[in-house]
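The values are calculated or read from the model by the stated rules, or taken from the named source; none is laboratory data. Predicted, not measured: the structure shown is a model, and the values here were computed from it. A quick note on method: Cβ atoms are made from the backbone with ideal geometry, for glycine too, and the neighbour counts reach across all protein chains shown.
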């Protein structure tokens, strides 16, 4: 196991496939260790340690990049890869439109979108739910929030940016440039149109923030649009896929939700905890520090391994088991501290409605190939229903 940790890569599919044994060993024997992958980085696994790091954004900084390896598209991921007052300013602009109250008002639209997608799928009796449902629902919602057309290129661009950097880094820069040009044109057109006072689509909100001096440049507007799109797609789709896989693999949990829809909320939290759509994000050390009794030098990078912290036995009873009745669930699937995910409320709503609607319309759906289908990948979820 130690050899695996020396070359540990949180991006590898094997990390999720071996999660139970791998994370158990980390917590028992290697709560902080150094991997030689991607130029070398430290890995923090304990829930309490991640909380400590999250509280100290002056020492553990995001502005030097949080993706390990970097996305490689040539620009910072704003606001995720910013710090201090600049980061706070971005959150101040966006939070009123992504906070609990604003997201609660979106519930009828999310439900209508999910129901409409499933209505289109129903006559076929079978479909790849990942491609045609898990991906389509978050795409419909983020494009609605940005008030842009749902272009087929969005998923190709997003998947190249997130996954292509491992095998096709030369494509990432091209795709990043294409997506930036797309939003430069969107922003230019929106500026040319007459924006209604109080317009709430996020592109108009950001343009208004620039006009009022809250954003310093048009480049910031484009950067934020770029990030909002890709952040609103892949991770939520993975979470919905994992939830639907789980209900097919564990029929007792499906039956429990059918009998008591109030269990949807704790079900979603347990999906987020156990299946962690984002395995981890990095920080750079702004100064020397000692962590878990180990000295770490300024300039080093450290990965906050959310997926492992979510299975920390110091906090979670039976950490590798899915418990519908888990009492309290302080998982870190959405990160920690000042950089906690701005879209967490929307992601939770989309997950809850996606599961609820499929149970309402296709309560007896089953996987076409259950023996070869797992929760690990962001890939096909072939299913059928009566």
Residues of the stretch 101-157 that turn out to be closer than 21 Å to residue 229 by Cα, in a loop (DSSP other than H, G, I, E, B) and in contact (Cβ under 8 Å) with a residue 12 or more places away in the chain, as a count: 5
Condition met for residue 194 (over 24 Å from residue 353 (Cα atoms), surrounded by fewer than 19 Cβ atoms within 10 Å (Cβ to Cβ) and within 24 Å of the chain's Cα centre (by Cα)): no
Residues satisfying the stated conditions in the stretch 160-171, i.e. more than 19 Å from the chain's Cα centre (by Cα) and either part of a loop (DSSP other than H, G, I, E, B) or surrounded by 14 or more Cβ atoms within 10 Å (Cβ to Cβ) (or both): 168, 169, 171
Selection count, the stretch 307-344, where residues are in contact (Cβ under 8 Å) with a residue 12 or more places away in the chain and either on the phi > 0 side of the Ramachandran plot or part of a helix (DSSP H, G or I) (or both): 7
Some residue of the stretch 299-306 being closer than 26 Å to residue 92 by Cβ, buried (at least 18 other Cβ atoms within 10 Å of the Cβ) and either touching a residue at least 12 places away in the same chain (Cβ under 8 Å) or within 21 Å of the chain's Cα centre (by Cα) (or both): yes
All positions within the stretch 360-375 that are in contact with a helix residue (DSSP H, G or I) (Cβ under 6 Å, 6 or more places away or on another chain) and crowded, with 17+ Cβ neighbours inside 10 Å: 367, 375
Hey, residue 118 at pLDDT 95 or above and within 15 Å of residue 360 (Cβ to Cβ) or not: yes
Failed criterion for residue 220 (all others in (1) more than 19 Å from residue 357 (Cβ to Cβ); (2) crowded, with 23+ Cβ neighbours inside 10 Å; (3) touching a residue at least 60 places away in the same chain (Cβ under 8 Å) hold): (2)
Some residue of the stretch 65-73 being more than 22 Å from residue 188 (Cα to Cα) and without any contact (Cβ under 8 Å) to a residue 12 or more places away in the chain: no
Subset of the stretch 349-364 (residues that are closer than 15 Å to residue 109 by Cβ and under 13 Å from the mean Cα position of the chain (by Cα)): 350
Sole residue being outside any helix (DSSP H, G or I) and in contact with a helix residue (DSSP H, G or I) (Cβ under 9 Å, 6 or more places away or on another chain), chosen from 283, 254: 283
Conditions (1) at pLDDT 95 or above; (2) in contact with a helix residue (DSSP H, G or I) (Cβ under 8 Å, 6 or more places away or on another chain); (3) in a loop (DSSP other than H, G, I, E, B); number of the one not met by residue 221: (3)
Counted residues, the stretch 60-103 - those being in contact with a helix residue (DSSP H, G or I) (Cβ under 8 Å, 6 or more places away or on another chain), more than 23 Å from residue 221 (Cα to Cα) and surrounded by fewer than 18 Cβ atoms within 10 Å (Cβ to Cβ): 2
Where a residue in the stretch 345-356 is on the phi < 0 side of the Ramachandran plot and in a helix (DSSP H, G or I) and its partner, wherever it lies, is surrounded by 24 or more Cβ atoms within 10 Å (Cβ to Cβ) and modelled with pLDDT under 95, with Cβ under 8 Å and at least six apart: 346/232
